[in-house]
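Bear in mind these aren't lab numbers, they're just calculated from the coordinates by the rules spelled out. In this text the structure is predicted, and so the values were computed from the model without any measurement. Ideal geometry is used to build each Cβ from the backbone, glycine not excepted, and the neighbour counts take in all protein chains shown.
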Amino acid sequence: MIKCWTEIAQYQQQGAILLLPVGSTEAHGPHLPLATDAIISETMAQRAAAKLTAGGHPALVLPTISYSVTDFSQDFPGSISLSFATARAVLSEIGISLIRQGFRYLAIANSHLEPAHINSIQAACEVIATTTGRAVCFPDKRRRRWAQQLTAEFLSGACHAGSYETSLVLAAQPELVQQELQQSLPPVEISLSTAIQAGKQTFREIGGDQAYFGNPAAASSNEGHQTYDTLAQMLIIALQETYPELANLATLAHLTD
Ligand SMILES: [Zn+2]
């Protein structure tokens, strides 16, 4: 929800933590919306903000960045890709703008895992740190320490619009999932991470003719809610590591909704 500037001024005075959802506009199978990553990042940020606020730390979810580098889905209509340089510039300029207004704590909630996109976030964080002297919190969920807390499908790498992401959209906005179709889709058990390491560059080249990998039919809103809880915890633990001066955040991570 976008608030008016007078409310934002109060958050600023309270030393609020800002959470910036970053997604993509990208094909996610025949059953999920192009906005899947944006929906997941936004819901993850909202869950983290609720835990932080309940624990006495004001937190504000910023408007979502819905465009980034999405070259793997280039064969599918509606997927919109920015260049690496543009993606880095958008994110770094947003961060610099907020820090210059006096905000000190900024975390990125990301759910689009294309390597060039992740690199653009890391590069933007470096630009922000060099320009303002402030670190940005960005947990990269591909890292083993986070990935092993997520689902078996996520860990397998066969996880684009499969059970992992379908469950997350079912939990957040079930009306956007074409559920009859979703339940009839056969699994595509091809690891994206392995294919990317082997040099493949598009979903079609990897064997995802319908722009999904994994097992959409196995998804459930229950799995989605559990995963959001883990994602919110991840964000709060990463915030504590980036900003040790914020006391007691880590204990809030495990509060249940
Ligand atoms: Zn996705």
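Seen against the Cα atoms of the chain and their longest principal axis, helix 163-172 is set at about 50 degrees. Mind checking the angle between helix 84-100 and the chain's longest principal axis? C-alpha axes, 0 to 90 degrees, to the nearest 10. Long axis of 84-100 versus the principal axis of the chain: about 20 degrees. Diagonalising the gyration tensor over the Cα atoms of segment 3-43 and scaling each eigenvalue by 5 before taking the square root yields semi-axes of 32, 9, 6 Å, largest first.
Using the empirical formula 2.2 N^0.38 Å as the baseline, the Cα radius of gyration of segment 78-139 reaches a ratio of 1.11. The convex hull of the Cα atoms of segment 44-186, projected and averaged over all directions, covers 10.4 nm². A protection proxy built from the mean count of other Cβ atoms within 10 Å ranks the segments 38-48, 69-79, most packed first, as 38-48, 69-79.
Candidates Thr86, Gly133, Leu150 compared by Cα position along the dipole of segment 70-196: farthest toward the positive end lies Gly133, with charges placed on Cβ.
Taking every DSSP beta bridge that has both ends in the chain, the antiparallel portion is near 25%.
The largest-to-smallest principal axis extents of the Cα set in segment 12-85 are 46, 30, 13 Å.
Rounded to whole numbers, the Karplus 3J(HN,Hα) couplings from phi for segment 117-123 are 5, 4, 4, 5, 5, 4, 5 Hz, using 6.51 cos²θ - 1.76 cosθ + 1.60 with θ = phi - 60°, and x at Gly and Pro. Straight-line reach from Lys3: taking Cα to Cα under 23 Å and skipping same-chain neighbours fewer than 8 places apart, the lysines in range are Lys51.
Can you give the log10 of the normalised intensity I(q)/I(0) at q = 0.17, 0.21 Å⁻¹, computed with Debye over equal Cα scatterers of segment 25-68? The Cα Debye sum returns log10 ratios of -0.54, -0.69. Our helix-only sum for the chain, with -39,500 (n - 2.57) per DSSP H run of n ≥ 4 divided by its residues, gives a mean residue ellipticity at 222 nm of -14500 deg cm²/dmol. Tally Lys and Arg at +1 and Asp and Glu at -1 over the other residues with C-beta under 10 Å from the C-beta of Glu153: what net charge comes out? Net local charge, Glu153 excluded: -3. Principal-axis analysis of the Cα atoms of the chain puts helix 36-54 at an angle of about 40° to the longest axis.
Looking at segment 105-233, the pairs of alpha carbons with a distance over 21 Å make up 46% of the total.
Taking only the alpha carbons of segment 187-257, we obtain Rg and Dmax values of 17.8, 48 Å in that order. Remark: spin-label model distance Ala89-Trp5 equals 2.5 nm, labels positioned 7 Å along the Cα→Cβ axis.
Direction-averaged projected area, Cα convex hull, the chain: 13.0 nm², rounded to one decimal. Sorting Ile99, Ile17, Ile236 by the number of Cβ atoms found within 10 Å of their own Cβ, with the fewest placed first, yields Ile99, Ile17, Ile236.
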